[in-house]
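S.K.: Below are the structure tokens for one structure; questions will follow.
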Amino acid sequence: MKNRRPTKGSLPAVVFHRQLLLFHFSLSVVRFSFTVDVILNGKCVVRRTFGSNEFPAERRKLCLLDHHPGLTESRGTDSSPAQQGTRWWFFWTLPIVALAFAPTLFAGFLFDDYFNLLNATEAGWSWSRLCHGFVISGTLLNDGWQLPTFEAFVVRYFRPLFLASLLADHALWGLHPWGYHLTNVLLHLGVVAAFYGVLRELLGGQRRPAAYGALLFGVIHFHVPAVGWLSGRTELLPALAMMIALWSYLRFARRGRWPEYALSVAMSAIAFLAKENAAIFPLIALAAWLWVVSRPRPSFLWLLPYFALVAVYGLWRCHILGGFPLPPRSFYYHPPSEPGFIWWVLTKATFLFYNLIFQLPLMFPADLEIKRHPAVLIAMLLVAVAIAAWLFRLIRGNGNDEWRRRGYFAAAWIVIGLLPTAPLLINGLYCYFPTAGLTLLFLAIWSRLIERGRPRWLNRPRWRRATPILVPALFALGLQPGNMLLVLASRTGQRLLDEVAAKVGEPADGLRLYLVDLPAATYPIKSDLKLRWPDRRFEVHILSMSPYLLPGGPAVSRLDQPDARTLRLTTLGRPYLSGLFGFIVFSDGPRDDIKAGKVWPSPYYRTAITENELFGRPPRLCIRQIEFRFNEPLDSADSLFLRFSDGRFEKIAPR
């Protein structure tokens with residue numbers, strides 16, 4: 001059956017989303033050109049590395065990262081005029097970062113935010129309930145029929161600090177999203193401030209390069225999901241604790257003061273209460289001990305408490321959750337036992353390399369297309385290996401031993417930070433803490449190249465003055481398309497959820513709400529209504545989900561009522577469970593559960609698949625027609641039917 005033409009109201013939204021994506025990609029191309037120029041012009045640097053380390057004074061003026069004593073040398077004081085002139089550099093960093101993320105204050109709640117808020121409010125301020133863990137499962141989505149994928153989808157988390165932070169926001173702001181986003185921005189500023197302290201320790205107390213590195217880290221476009229999305233707080237909280245712990249450990253290693261070591265151990269323990277990825281911190285501390293801690297360095301035994309905390313946390317988490325529960329296989333999670341796990345890891349590693357080094361927005365679902373073309377993926381992998389080897393040679397050949405070891409530590413920081421995300425989908429959310437190591441790596445490469453006069457365009461006085469301003473400005477501009485997409489998606493979903501709540505009113509106890517062709521932006525509707533009316537008992541039954549990602553446009557299906565107890569849905573355009581949405585549900589697994597003739601019984605109705613269709617590339621089994629047979633007439637007083645069509649929800653008037 002042919003697709004109907006879209007309505008006038010849906011076209012501008014789609015065009016605007018495409019314009020934002022094109023703008024984001026164009027900024028990424030500009031950043032890519034800067035990086036390629038730096039790498040290609042570094043060839044002369046490697047050849048001249050083993051010569052004299054001396055370079056003319058005019059070259060030194062080019063270098064933002066001036067030569068200064070590192071952690072292995074005596075630390076300078078801040079009494080010199082140059083140091084006093086840069087004392088206020090850092091205080092310009094935080095306002096710029098805050099301004100870059102200011103648009104996120106206008107965003108609403110989105111997707112998992114509703115589940116997490118519902119779990120937090122149900123747990124309350126009981127320490128035992130906060131520590132008991134929380135669950136995200138199919139029952140939070142739907143009380144009615146569900147595909148086996150969602151029936152088996154149960155994920156248990158142990159993140160009491162995250163839930164407590166949501167409870168504190170709920171006590172302050174209620175259900176007003178801007179207050180929650182303000183907390184996220186403040187947490188991000190805290191991470192930036194702590195990273196500034198880490199860089200000062202690593203760079204021998206220099207304020208200007210530390211402030212510049214903190215600014216670059218603060219405006220990297222990967223931070224949009226972590227800062228702009230409420231659920232991204234699961235990255236902000238452990239990152240803040242781990243950054244303070246690392247800063248304190250480096251200060252302890254330099255000065256040997258007990259309070260700083262105690263603070264480091266305490267913050268590393270607090271990080272475990274926020275998210276399980278805090279288990280990487282002992283490895284980060286070990287890498288710092290190996291490469292950047294000053295000589296004579298403290299004994300390795302000082303690192304043992306960090307590893308002991310990992311063991312204690314593992315036992316405690318095992319006790320709370322009854323083991324180490326892992327998510328079921330899905331587009332989101334690829335278990336190591338999956339047959340194509342190694343191929344998936346290679347795909348993800350390749351994409352992450354291009355994402356991080358060249359700042360290109362190669363994210364899900366771009367990896368799905370590349371996986372279908374092995375030759376393209378292998379070529380991308382070989383190029384990535386060659387570039388990585390070139391960068392390693394560049395760092396290794398650095399005549400300045402301090403910067404060489406800082407480069408090693410930065411590379412270790414990136415790799416260790418990404419290890420826990422190996423089975424997960426490619427998402428900038430999980431790159432938040434590793435991008436701090438990426439920033440240090442950029443500083444190490446840039447310092448080596450610029451002291452040799454590479455790239456050559458930096459020799460021009462105009463470019464020399466403009467580059468320290470232009471690069472952070474490009475990064476900050478690169479944030480804005482992501483910010484706008486997040487704001488548009490969340491506010492669109494919030495508008496539709498408010499529309500449903502207005503049509504439902506305050507639900508009577510025992511109400512059963514049936515939803516037809518629900519758009520993806522509103523799928524957490526059950527949790528949203530539970531947050532609005534926590535004392536009411538009602539059920540939400542999602543009969544069908546729209547196959548389109550963007551709400552709006554024509555009707556998704558034709559609705560027929562053969563009799564007083566039957567609803568029949570026939571899609572008019574895309575079939576149900578097609579395209580990206582179908583992949584999210586089934587991943588690459590079989591689709592035998594949706595063959596024609598399949599029946600799902602439930603307490604109030606029976607669901608039957610009556611017609612299938614092959615759709616997409618490669619062709620995948622989808623649903624063309626589905627039928628619902630109810631136990632009682634559709635016009636029952638306890639039932640309310642809403643259908644999403646032409647950009648709004650309408651009540652279905654049963655015959």
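S.K.: If the Cβ limit is 7 Å and pairs must be 6+ apart or interchain, which residue in segment 285-312 that is free of Cβ contacts under 8 Å to residues at least 12 places away in the same chain pairs with which residue that is not aliphatic (A, V, I, L, M)?
M.R.: Qualifying pairs under 7 Å: Phe300/Trp289.
S.K.: A further question follows. Examine segment 526-534 for a residue that is part of a strand (DSSP E or B) and either under 18 Å from Phe111 (Cβ atoms) or modelled with pLDDT of 90 or more (or both), and state whether such a residue exists.
M.R.: Among the residues of segment 526-534, not one is part of a strand (DSSP E or B) and either under 18 Å from Phe111 (Cβ atoms) or modelled with pLDDT of 90 or more (or both), which makes the answer no.
S.K.: Residues in segment 256-268: is at least one in contact with an Asp or Glu (Cβ under 8 Å, 6 or more places away or on another chain) and buried (at least 18 other Cβ atoms within 10 Å of the Cβ)?
M.R.: There is no residue in segment 256-268 that is in contact with an Asp or Glu (Cβ under 8 Å, 6 or more places away or on another chain) and buried (at least 18 other Cβ atoms within 10 Å of the Cβ).
S.K.: Among (1) surrounded by 20 or more Cβ atoms within 10 Å (Cβ to Cβ); (2) at pLDDT 85 or above, which single condition is Arg495 missing?
M.R.: Among (1) surrounded by 20 or more Cβ atoms within 10 Å (Cβ to Cβ); (2) at pLDDT 85 or above, Arg495 violates only (1).
S.K.: Evaluate segment 147-159: report whether one residue or more is without any contact (Cβ under 8 Å) to a residue 60 or more places away in the chain, surrounded by fewer than 19 Cβ atoms within 10 Å (Cβ to Cβ), not assigned by TED's automatic domain parsing to the domain that holds Arg591 and not hydrophobic (A, V, I, L, M, F, W, C).
M.R.: Yes.
Matching residues to (1) β-branched (Val, Ile, Thr); (2) farther than 30 Å from Val310 by Cα:
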{"site": "Gln206", "(1), (2)": "no, yes"}
{"site": "Ala214", "(1), (2)": "no, no"}
{"site": "Val219", "(1), (2)": "yes, yes"}
{"site": "Val227", "(1), (2)": "yes, no"}
{"site": "Ser231", "(1), (2)": "no, no"}
{"site": "Leu236", "(1), (2)": "no, no"}
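S.K.: I need every pair where a residue in segment 340-357 that is touching a residue at least 40 places away in the same chain (Cβ under 8 Å) has its Cβ under 6 Å from the Cβ of a residue that is assigned to a helix (DSSP H, G or I), sequence separation at least 6 or different chains.
M.R.: Phe351/Asp367; Leu356/Leu438
S.K.: Give the residue, chosen from Arg452, Arg448, Arg460, that is of a type in the set (Lys, Arg), out of contact with any Lys or Arg (no Cβ under 7 Å at 6 or more places or on another chain) and either crowded, with 16+ Cβ neighbours inside 10 Å or at pLDDT 85 or above (or both).
M.R.: It is Arg448.
Matching residues to (1) over 27 Å from Leu488 (Cα atoms); (2) of a type in the set (Gly, Ala, Ser):
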{"residue": "Leu529", "(1), (2)": "no, no"}
{"residue": "Glu539", "(1), (2)": "yes, no"}
{"residue": "Ser544", "(1), (2)": "no, yes"}
{"residue": "Phe581", "(1), (2)": "no, no"}
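S.K.: Does segment 426-434 contain any residue that is at pLDDT below 80, over 29 Å from Ala210 (Cα atoms) and either in contact with a strand residue (DSSP E or B) (Cβ under 9 Å, 6 or more places away or on another chain) or surrounded by 17 or more Cβ atoms within 10 Å (Cβ to Cβ) (or both)?
M.R.: Within segment 426-434 (the criterion being at pLDDT below 80, over 29 Å from Ala210 (Cα atoms) and either in contact with a strand residue (DSSP E or B) (Cβ under 9 Å, 6 or more places away or on another chain) or surrounded by 17 or more Cβ atoms within 10 Å (Cβ to Cβ) (or both)), the answer is yes, since at least one residue qualifies.
S.K.: Between Pro336, Pro298, which is at pLDDT below 90, part of a loop (DSSP other than H, G, I, E, B) and under 25 Å from Arg159 (Cβ atoms)?
M.R.: Just one listed residue meets the conditions, Pro336.
S.K.: Let me ask something additional. Where in segment 160-270 are there helices (runs of 4 or more DSSP H), lying wholly inside it, with at least 2 residues that are at pLDDT 95 or above and closer than 30 Å to Ser294 by Cβ?
M.R.: 177-202, 233-255
S.K.: Under 8 Å between Cβ atoms, at least 6 apart or on separate chains: pull out the pairs that start in segment 602-627 with a residue that is acidic (Asp, Glu) and end on any residue that is assigned to a loop (DSSP other than H, G, I, E, B).
M.R.: Filtered contacts from segment 602-627: Glu611/Ala596; Glu613/Pro575.
S.K.: Only one of these conditions is not met by Arg536: (1) more than 21 Å from Tyr605 (Cβ to Cβ); (2) touching a Gly at 6+ places or on another chain (Cβ under 7 Å); (3) among the charged types (D, E, K, R). Which number is it?
M.R.: (2)
S.K.: Would you tally the residues in segment 341-378 being at pLDDT below 75 and closer than 24 Å to Pro618 by Cβ?
M.R.: The number of residues fulfilling the criteria is 11.
S.K.: Shifting gears a bit: Can you find a residue that is of a type in the set (Val, Ile, Thr) and touching a helix residue (DSSP H, G or I) at 6+ places or on another chain (Cβ under 8 Å) anywhere in segment 520-534? Outline the logic, then answer.
M.R.: Going residue by residue through segment 520-534, those that are of a type in the set (Val, Ile, Thr) are 522, 525.
If we keep only those that are touching a helix residue (DSSP H, G or I) at 6+ places or on another chain (Cβ under 8 Å) as well, we get 522, 525.
Checking segment 520-534: at least one residue is of a type in the set (Val, Ile, Thr) and touching a helix residue (DSSP H, G or I) at 6+ places or on another chain (Cβ under 8 Å).
S.K.: Of all strands (runs of 3 or more DSSP E) completely enclosed by segment 569-633, which ones contain at least 1 residues that are touching a Leu at 6+ places or on another chain (Cβ under 8 Å)?
M.R.: Ranges flagged: 605-615, 620-630.
S.K.: Within segment 123-146, how many residues turn out to be without any contact (Cβ under 8 Å) to a residue 60 or more places away in the chain and either touching a Cys at 6+ places or on another chain (Cβ under 7 Å) or in a helix (DSSP H, G or I) (or both)?
M.R.: Count: 7.
The values are calculated or read from the model by the stated rules, or taken from the named source; none is laboratory data. What you see is a predicted model; the values in this text were computed from it and never measured. Neighbour counts run over all protein chains shown; Cβ positions are idealised from the backbone, glycine included.
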